[in-house]
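Asks: Right, I'll just put the structure down here and ask away after.
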Amino acid sequence: MSGSGPLELIATAAFGIEATVKWELGRLGYRAKVESPGRLVYEGDASAIVRSNLWLRAADRVLMVAGRFEAEDFDQLYEGLRSVPWKALLPNEAAVTVRARAVRSPISSPRSVQSIAKRAIVDSIAGRGGSMDESGEPVVVEVHILGHQVTVSLDTSGDGLHKRGYRPRAQAGQLKETLAAALVMICRWRRDEPLLDPFCGSGTVAIEAAMLASNRAPGLNRSFASENWPMVETNLWTTEREKAASKIDTSGIAPIVGCDINPQTVGLARQCAHNAGVEDITEFQLRDYRQTQSAHNAGWVITNPPYGIRVGDVDEARQIHRDLPVILSRLPGWSFGIFLGVDDFEQLIGRRADHRRKLYNARIRCTLYQFLPGRDPKKESGPAFSVSINESLAETFRATLSKRIRHFRRWSDRRGIFAYRLYDRNTPGAELTIDRYADHLRIVD
């Protein structure tokens with residue numbers, strides 16, 4: 001096949017990100033529709049395979065549809081799969097692996113589907129009972145069954161599109177690159193607005209924002225499974241990569257800053273930014289989130305604070321969540337996109353988000369809470385967060401002070417010490433010091 005005719009393609013995505021991927025495909029010139037949750041269908045020629053893989057930031061994979069048919073049992077499934085023109089689709093000596101998924105179907109065993117699909121492919125190419133040489137490049141065939149509808153596709157991407165190639169190693173609790181890019185795009189951040197991530201970890205949000213701002217194709221520095229397929233001419237990849245490289249523009253980008261309290265993590269973020277080619281337009285600082293500040297009057301905070309599910313301590317995470325309104329009130333003209341795996345964040349801080357988006361971080365159900373300046377219903381304009389002694393802050397201060405009193409009482413009685421600092425700005429928003437001198441307290445605001 002020359003690949004010059006129309007091809008049916010599917011971009012897969014995590015739940016909740018379909019609209020973002022549809023917008024991306026529209027910018028590439030392809031009209032897509034959501035076929036089912038996490039699957040967007042569109043048409044294009046062979047260059048669409050190349051351009052989609054190079055440019056999609058939030059999609060997981062790009063599949064090429066090889067056939068569609070109905071099947072109510074394994075016999076019909078086998079016949080439908082054997083009728084697909086595998087000789088024309090697969091590279092010579094392809095090492096075929098089958099990936100199967102069945103939803104609300106009488107054909108309910110993915111393992112059986114894999115076995116039948118592999119047999120049907122071999123029989124189609126080599127005849128019934130034959131065998132084929134699989135010493136060549138790996139090709140993944142996906143069999144997706146929804147009810148009685150079977151869609152057979154070839155995975156054009158290979159490794160998931162989140163693997164940009166800039167991470168030297170994975171760390172627990174990291175955001176996938178595709179999810180981080182989606183958060184930035186959902187917030188509608190612009191390249192002329194400062195961006196700050198006070199919980200940057202390995203820097204994924206900042207790096208993805210920098211790649212978006214500089215128009216750097218996320219797939220520019222990696223390979224794809226379909227580069228050796230017969231229907232995609234080799235020069236297409238070369239041409240599209242050259243076009244993508246020529247479109248990079250780093251001028252006029254506002255500061256993109258990531259901060260973290262862990263020096264090793266900050267070092268990793270800088271290494272990742274270097275590998276991604278965005279080290280000159282990003283900055284990573286060793287800084288506690290309680291020191292968050294900026295000289296800019298407006299911008300975006302887009303961040304994924306810890307929520308104590310996969311890593312970290314739940315109580316510490318909850319304390320961070322309580323601290324956020326006071327911390328972020330120091331940025332009165334800013335907008336905020338806070339991505340958390342908790343459902344009660346608004347109740348915890350006593351503030352309703354202006355927008356919410358349900359998403360998934362791996363298998364964790366999360367919410368992107370957006371807070372925008374000038375949206376306070378009690379005011380015509382104003383900051384997204386403002387300092388006030390609300391019930392949440394008062395309770396946090398009370399709990400912190402009570403805990404420290406209990407601790408120091410035992411400690412001082414054992415050692416006979418009756419002069420010490422009891423409280424030292426431990427709660428954001430209650431930034432005062434309390435010293436004990438025998439039976440007296442000295443409080444300094």
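Asks: Quick one: would you say Ser157 is in a loop (DSSP other than H, G, I, E, B), without any contact (Cβ under 8 Å) to a residue 12 or more places away in the chain and hydroxyl-bearing (Ser, Thr, Tyr)?
Replies: For Ser157, the condition - in a loop (DSSP other than H, G, I, E, B), without any contact (Cβ under 8 Å) to a residue 12 or more places away in the chain and hydroxyl-bearing (Ser, Thr, Tyr) - is not met.
Asks: Checking the structure you have, find out if any residue of the stretch 121-136 is assigned by TED's automatic domain parsing to the domain that holds Ser109 and in contact (Cβ under 8 Å) with a residue 60 or more places away in the chain.
Replies: Scanning the stretch 121-136, I find no residue that is assigned by TED's automatic domain parsing to the domain that holds Ser109 and in contact (Cβ under 8 Å) with a residue 60 or more places away in the chain, so the answer is no.
Asks: Turning to a different aspect of this structure: Which of (1) surrounded by 15 or more Cβ atoms within 10 Å (Cβ to Cβ); (2) closer than 17 Å to Glu70 by Cα does Asp123 not meet, given it meets every other one?
Replies: (2)
Asks: Only one of these is in contact with a Pro (Cβ under 7 Å, 6 or more places away or on another chain) and either β-branched (Val, Ile, Thr) or surrounded by 21 or more Cβ atoms within 10 Å (Cβ to Cβ) (or both): Ile261, Ile253, Ile327. Name it.
Replies: Ile327
Asks: For the structure I just gave you, tell me whether Gly308 is over 30 Å from Asn221 (Cα atoms), within 23 Å of the chain's Cα centre (by Cα) and assigned to a loop (DSSP other than H, G, I, E, B).
Replies: Judged against the criteria, Gly308 is a match.
Asks: Using the structure shown, decide if Arg352 is more than 18 Å from Leu183 (Cβ to Cβ) and modelled with pLDDT of 90 or more.
Replies: For Arg352, the condition - more than 18 Å from Leu183 (Cβ to Cβ) and modelled with pLDDT of 90 or more - is met.
Asks: Among Leu393, Leu401, Leu422, which is the only one that is at pLDDT 80 or above and either in contact with a helix residue (DSSP H, G or I) (Cβ under 8 Å, 6 or more places away or on another chain) or surrounded by fewer than 11 Cβ atoms within 10 Å (Cβ to Cβ) (or both)?
Replies: Selected residue: Leu422, the only one of Leu393, Leu401, Leu422 that is at pLDDT 80 or above and either in contact with a helix residue (DSSP H, G or I) (Cβ under 8 Å, 6 or more places away or on another chain) or surrounded by fewer than 11 Cβ atoms within 10 Å (Cβ to Cβ) (or both).
Asks: Failed condition for Phe199, given (1) surrounded by 24 or more Cβ atoms within 10 Å (Cβ to Cβ); (2) touching a Phe, Trp or Tyr at 6+ places or on another chain (Cβ under 7 Å), with all others met?
Replies: All conditions are met except number (1).
Asks: Take the stretch 208-229 and flag every residue that is in contact with a Pro (Cβ under 7 Å, 6 or more places away or on another chain) and of a type in the set (S, T, N, Q).
Replies: Hit for the stretch 208-229 is Asn228, nothing else.
Asks: Here's a follow-up. Could you check, for the stretch 112-121, whether at least one of its residues is of a type in the set (Ser, Thr, Tyr) and closer than 18 Å to Arg101 by Cβ?
Replies: yes
Asks: If I ask for residues that are charged (D, E, K, R) and either over 24 Å from Leu183 (Cα atoms) or modelled with pLDDT of 75 or more (or both), which ones from the stretch 362-390 would you list?
Replies: If the condition is that a residue be charged (D, E, K, R) and either over 24 Å from Leu183 (Cα atoms) or modelled with pLDDT of 75 or more (or both), then Arg363, Arg365, Lys378, Lys379, Glu380 are the ones that fit.
The values are calculated or read from the model by the stated rules, or taken from the named source; none is laboratory data. No experiment lies behind these values; they were computed from the predicted model shown. Note that each Cβ is placed from the backbone with ideal geometry, even for glycine, and that neighbours are counted across all protein chains shown.
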